[in-house]
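Okay, structure first, notes after.
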Amino acid sequence: MTALQPRCFSGVQPTGNLHLGNYLGAVSRWVPMQDVMPTIFCVVDMHAITAGFPNATELTNATREVTAAFIAAGIDPKRSVIFNQSQVKEHAELAWIFNCVARMGWLNRMTQFKDKAGKNSENASVGLFAYPNLMAADILAYRATHVPVGDDQKQHLELTRDIAQKFNNDFAERILELGLGSPNPVPSPESPEQIYLPLPEPMIAGPAPRVMSLRDGTKKMSKSDPSDLSRINLADDADMIAKKIKKAKTDPEPLPGELEGLKGRPEAENLVAIYAALAGKTKDAIIAEFGGQPFSVFKPALAELAVERLAPLNAEMARLMADPAEIDAVLKNGAEQASAIAEPVLRDMRKIIGFLDVR
Ligand code: AQP
């Protein structure tokens with residue numbers, strides 16, 4: 001058993017092209033974590049089948065494309081573990097254990113299931129319903145302590161913490177008996193002083209933790225939105241980026257002189273947040289620069305900045321995609337490293353639960 005140590009885990013589904021929301025809310029924020037603690041980044045292909053099986057060739061391609069985007073964005077395969085989830089069987093095994101830890105009532109409260117299943121929830125897959133348990137398994141198979149994600153994943157991370165807490169509490173005596181406990185950094189009357197699973201810290205920050213659709217400022221930018229104009233894909237070229245920003249929905253007013261003035265103007269607020277995140281500045285600084293200006297001035301400036309920031313990424317992704325064998329080699333090496341961390345964790349967990357080990 002290894003003692004708990006800081007470790008960062010996060011992932012993206014290969015359900016299509018990565019977009020600006022995935023980049024600003026998640027991937028770009030992973031890069032500096034590499035200087036702070038060990039990092040594991042996963043292409044969560046098992047999550048990608050929960051809303052229906054995609055075309056097999058498209059799923060394979062999207063898995064490579066998301067990997068290329070990670071690397072192009074600055075995730076260094078020499079410093080981070082990069083792999084696709086289906087190659088490390090501990091994810092599925094732990095997800096089953098967590099199916100038996102999580103309560104139906106907890107999952108019934110998940111808003112993402114309600115959003116994705118829509119009115120037809122009877123016809124949704126069991127996998128879509130149990131998705132958050134698999135996500136908890138993704139994180140806790142590595143006993144990860146830090147999880148940088150976009151704002152939409154907040155509820156799932158709270159559930160991950162609830163699962164970890166319940167497991168630690170239910171098996172508190174067993175964990176002590178087997179000498180597998182680590183000091184609980186936050187002991188309380190409800191939780192034991194020695195725990196096995198950490199309660200991972202959600203890292204939801206930055207000026208754009210929830211990037212909204214370019215067509216509707218009240219909906220999050222999403223890969224599965226039927227309108228391609230609603231999102232900027234990392235694979236879009238300069239002309240396409242400029243076109244999408246030009247066509248982005250706005251209101252007729254110029255930008256306000258104060259941040260407060262963005263209230264009730266979701267589309268304007270979204271574009272300011274995107275500009276701030278791309279420029280590495282605060283929204284206040286952007287309002288100080290562009291307050292009083294019409295969108296006919298702001299949009300071209302935003303398009304120029306977006307192209308400047310995304311064009312090198314786009315070019316690097318294309319270069320990497322030209323050599324799929326190289327991408328596969330990164331994923332293979334990553335899967336081996338990931339297995340080496342997850343296998344002992346699952347061995348401990350089987351012992352804690354009492355599964356008879358005869359091999
Ligand atoms: N609009 C967003 N703004 C900020 N962060 C976002 N993320 C997703 N959309 C936004 C963050 O990106 C990471 C990976 O997300 P995902 O691919 O696992 O799934 P998702 O959150 O369901 O993203 P999509 O684009 O909406 O995918 P589909 O349409 O396939 O469901 C996560 O950290 C997420 O928070």
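A short reminder: the numbers here are calculations on the coordinates, not readings from a lab. Remember, it's a predicted structure, so these values are computed and weren't measured experimentally. Note that we place each Cβ from the backbone using ideal geometry, even for glycine, and neighbour counts take in every protein chain shown.
Taking GluC sites (Glu not before Pro) in DSSP loop states with no more than 14 other Cβ atoms inside 10 Å as exposed sites, the chain has its longest site-free stretch at 1-189.
How big is the antiparallel share of DSSP beta bridges in the chain, given as a percent to the nearest 5? Intermediate results must be reported in sequence, preceding the final value.
Working: 5 of 19 bridges.
Bridges in the chain that DSSP calls antiparallel: roughly 25 percent.
Our summary of shape: the Cα atoms of the chain have principal axis extents of 69, 48, 44 Å, ordered from largest down, in whole angstrom.
Annotation note: chymotrypsin sites (Phe, Trp or Tyr not before Pro) in the range 75-150 located in DSSP loop regions with a Cβ neighbour count of at most 13 within 10 Å are absent.
Computed about the Cα centre, the dipole magnitude for the chain is approximately 420 debye when only Lys and Arg (+1) and Asp and Glu (-1) carry charge, each at its Cβ.
For the range 209-359, dividing the convex hull volume of the Cα atoms by the residue count gives 189 Å³ per residue. In the calculated pair-distance distribution of the range 292-359, the portion above 16 angstrom amounts to 72 percent of the Cα-Cα pairs. Relative to the longest principal axis of the Cα atoms of the chain, the long axis of helix 238-247 lies at roughly 80 degrees. Please find, in a Gaussian network model of the chain (springs between Cα atoms separated by less than 10 Å), the residue of L157, L140, L176 whose mean-square fluctuation is greatest. Checking each option, the largest mean-square fluctuation is seen for L176. Once the Kirkwood radius over Cα pairs is known for the range 267-329, the Stokes-Einstein relation at 37 °C and 0.692 mPa s delivers a diffusion coefficient of 244 µm²/s. For the range 228-320, build the charge dipole from Cβ charges (+1 Lys, Arg; -1 Asp, Glu) around the Cα centre, then report which of G291, M317, P256 sits farthest towards its positive end. Result: M317.
If the range 14-165 were replaced by its equivalent ellipsoid, with semi-axes equal to the square roots of 5 times the Cα gyration tensor eigenvalues, what would those be, largest first, whole Å?
Working: eigenvalues 120, 71, 43 Å².
Output for the range 14-165: semi-axes of 24, 19, 15 Å.
In whole angstrom, the range 118-237 maps to an equivalent ellipsoid with semi-axes of 36, 17, 12, each derived as √(5λ) from the alpha carbon gyration tensor and ordered largest first.
Counting other C-beta atoms within 10 Å, which of T63, T250 has the fewest, and how do the rest follow? Working shown, then result.
Working: T63 22, T250 19.
Least crowded to most crowded, the residues run T250, T63.
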